[in-house]
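See structure below.
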Amino acid sequence: MYAKGQAVIQLMEELAPKSYAVENDKIGLQIGTLHKEIRKVLVALDVTEEVVDEAIHEQADLIIAHHAIIYRPLPHIQTDTPAGRLYERLIKHDIAVYIAHTNLDVADGGINDMMAEAIGLTDTQPLDEVHTDKLKKLVVFVPTTHADAVRQAMFEAGAGGIGRYSHCSFNIEGVGTFKPEEGTNPFIGQPGKLETAQEIRVETIVPQSVERRVVQAMLKAHPYEEVAYDLYSLDLKTRTFGLGRSGKLPQPVTLQELCERVKQVFDVPMLRVVGDLSRTVRKAAVLGGSGSRYVKHAQFAGADVLVTGDIDYHTAHDALAAGIALIDPGHNVEKIMKRGVADHLRRKLEERKWATEVIASQIDTEPFRFV
């Protein structure tokens with residue numbers, strides 16, 4: 001059985017909720033429909049002519065990419081232009097395109113965490129906070145026989161986290177009353193008769209970003225035909241999410257040694273570096289994409305070096321004067337997301353026993369060549 005498009009995207013948004021995206025970012029479904037079975041998903045960094053060729057050859061129904069294929073409003077679609085021709089081919093071959101951009105940058109386990117893990121950073125923190133998850137309290141009334149199953153379903157969906165503690169809940173036993181009307185199919189009792197049931201009032205904490213998923217899991221695990229539950233907004237906040245990461249290196253290394261590690265783990269032939277190659281670095285920061293605007297953030301976080309792409313000339317001079325080193329392996333190192341996202345989706349689909357296949361694009365979309 002193949003997953004529907006909406007189900008695949010729901011699994012994608014478990015990793016990178018749309019609410020994490022920065023304001024006005026172009027994310028979500030950009031071409032096609034999700035109202036269809038998805039036999040194969042292609043995960044790509046960019047959607048280029050070559051990537052579309054690959055998707056057609058692989059008979060993919062959906063491309064999940066990091067960089068938007070439609071970034072500015074379109075006054076028209078002319079199929080004799082490069083962009084128009086690309087859209088035409090995707091539509092003709094019924095290939096949908098879904099974009100996860102800054103929400104994937106920000107997310108736990110997203111691009112910046114993938115980059116930080118690749119070079120071995122520990123005790124990581126965001127460089128620039130962009131989203132703070134609000135908390136809600138979910139209260140549900142469950143027959144005692146099913147309380148454990150309902151609690152576990154909510155916990156597995158993301159409820160019950162308080163700081164470094166998980167599976168947090170509060171439970172009160174009591175007696176519930178209800179009278180099933182005609183035409184109902186009650187789990188306990190008979191239509192037309194007032195009933196009582198031993199129930200447990202289960203309270204737990206739910207981050208707003210996973211609210212829908214937790215409620216769906218709770219309803220699915222609950223035995224009642226009509227579930228009595230309450231959802232309260234709280235004047236509390238939980239974890240803060242942001243762009244970039246800073247953290248400690250496993251051991252001090254020279255800037256030269258870190259450059260060699262970056263080339264290896266990100267599979268780049270060469271890179272640009274600012275700073276004394278013999279200097280010792282103990283703390284590093286990473287930021288996928290263009291990081292010129294985040295040099296001061298890295299410096300404020302106490303990083304000795306920032307690993308990012310698209311550093312401009314004047315920013316390089318400013319960093320040199322400020323005493324922070326820069327390693328620029330290029331914007332394209334975000335290609336690390338192809339394997340990471342594919343692994344996430346593959347694992348989630350297998351857990352649900354869906355036959356949908358997920359592959360990482362093999363196309364190199366690096367536009368620069370070194371000569």
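The numbers here are math on the coordinates, done by the rules we state, and not lab data. Please read these numbers as outputs of a predicted model, since none were measured by experiment. Cβ atoms come from the backbone with ideal geometry, glycine included; neighbour counts cover every protein chain shown.
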(request) Relative to the longest principal axis of the C-alpha atoms of the chain, give the angle of the C-alpha long axis of helix 211-221, reported between 0 and 90° and rounded to the nearest 10°. (result) 40 degrees
(message) What are the ³J(HN,Hα) couplings of the range 173-185, residue after residue, when phi is run through the Karplus curve with 6.51, -1.76, 1.60 and θ = phi - 60°? Round to Hz, x for glycine and proline.
(response) 7, x, 10, x, 10, 6, 10, x, 7, 4, x, 8, 10
(request) Could you calculate the contour length gain from V139 to E173, that is, 0.36 nm times the residue separation minus the distance between their Cα atoms, to one decimal place in nm? (result) 10.9 nm
(message) Just to be sure I follow the rule: in the range 130-240, considering lysines 8 or more places apart or on different chains, how many pairs have Cα atoms under 25 Å apart?
(response) 8
(message) Between R85 and H57, what's the calculated FRET efficiency when r is the beta-carbon distance and R0 is 25 Å? Round to 0.05.
(response) 0.90
(request) Starting from the Cα of Q216, move 7 Å in the Cα-to-Cβ direction to define the label point; list residues of the range 12-36 whose amide nitrogen is under 12 Å from there. (result) 12-15
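Looking at the chain from every direction and averaging, what is the projected area of its Cα convex hull in nm²?
Mean shadow area of the hull around the Cα atoms is 23.4 nm².
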(message) Between helix 147-156 and the chain, what is the angle of the helix's C-alpha long axis to the longest principal axis, kept within 0 to 90° and rounded to the nearest 10?
(response) 20 degrees
(request) Determine the calculated [θ] at 222 nm for the chain from helices alone, applying -39500 (n - 2.57) to every DSSP H run no shorter than 4 residues and normalising by the residue count; nearest 500 deg cm²/dmol. (result) -8500 deg cm²/dmol
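Net charge near E203, counting Lys/Arg +1 and Asp/Glu -1 over other residues with Cβ under 12 Å of its Cβ? List each step's numbers first, then the result.
Details: positive: K136, K137, R151, R201; negative: D230.
Around E203, the surrounding residues sum to +3.
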(message) Tell me the net charge near R151. Cut-off is 15 Å between Cβ atoms, R151 excluded, with +1 for each Lys or Arg and -1 for each Asp or Glu.
(response) -2
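May I ask you to derive the FRET efficiency for T196 and Q6 from their Cβ-Cβ distance with R0 = 45 Å, giving the value to the nearest 0.05? Write out the running numbers ahead of the final one.
Numbers: r = 40 Å, r/R0 = 0.88.
It comes out at approximately 0.70.
For H35 and D108, compute 0.36 nm times the residue count separating them, minus their Cα-Cα distance, and round to one decimal in nm. Let's see the in-between values first.
Numbers: separation 73, 0.36 × 73 = 26.28 nm, distance 2.82 nm.
Length gained, H35 through D108: 23.5 nm.
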(request) Using only Cα atoms, tell me the angle between helix 82-92 and the longest principal axis of the chain; keep it within 0 to 90° and round to the nearest 10. (result) 30 degrees
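How much length, in nm to one decimal, is gained on full extension between A355 and T122, taken as 0.36 nm per residue of separation minus their Cα-Cα distance? Don't skip to the end; give the middle numbers.
Details: separation 233, 0.36 × 233 = 83.88 nm, distance 3.59 nm.
That pair, A355 and T122, stretches by 80.3 nm at full extension.
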(request) Per residue of the range 352-369, in order, report the coupling 6.51 cos²θ - 1.76 cosθ + 1.60 (Karplus, θ = phi - 60°) as ³J(HN,Hα) in whole Hz, putting x for Gly and Pro. (result) 8, 6, 8, 8, 4, 9, 10, 10, 8, 4, 9, 7, 8, 9, 5, x, 8, 10
(message) With the cut-off at 20 Å, tell me which of the pairs K4/K26; K40/K353; K92/K353 have Cα atoms farther apart than that.
(response) K4/K26; K92/K353
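Sequence gap at least 6, Cα distance under 8 Å: using those rules, report the relative contact order of the chain to the nearest whole percent. All intermediate terms of the calculation are to be shown ahead of the outcome.
On the way: 756 pairs, mean separation 77.6, N = 371.
Averaging sequence separation for qualifying contacts and normalising by length gives 21 percent for the chain.
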(request) State, to one decimal in nm, how far the label point of R282 lies from the label point of R72, with both points 7 Å from Cα in the Cβ direction. (result) 4.7 nm
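Output the peptides 246-254, 337-345, 197-205 sorted from most to least packed, where packing is the average of other Cβ atoms within 10 Å over each peptide's residues.
Details: 246-254: 15.8, 337-345: 20.8, 197-205: 19.1.
Those peptides, ordered most packed to least, come out 337-345, 197-205, 246-254.
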(request) Sum up the charges of everything whose Cβ sits under 10 Å from the Cβ of I56, counting Lys and Arg as +1 and Asp and Glu as -1, but leave I56 out. (result) -1
(message) Need one number: nm distance between label points at M270 and R347, each 7 Å from Cα along Cα→Cβ, rounded to one decimal.
(response) 3.7 nm
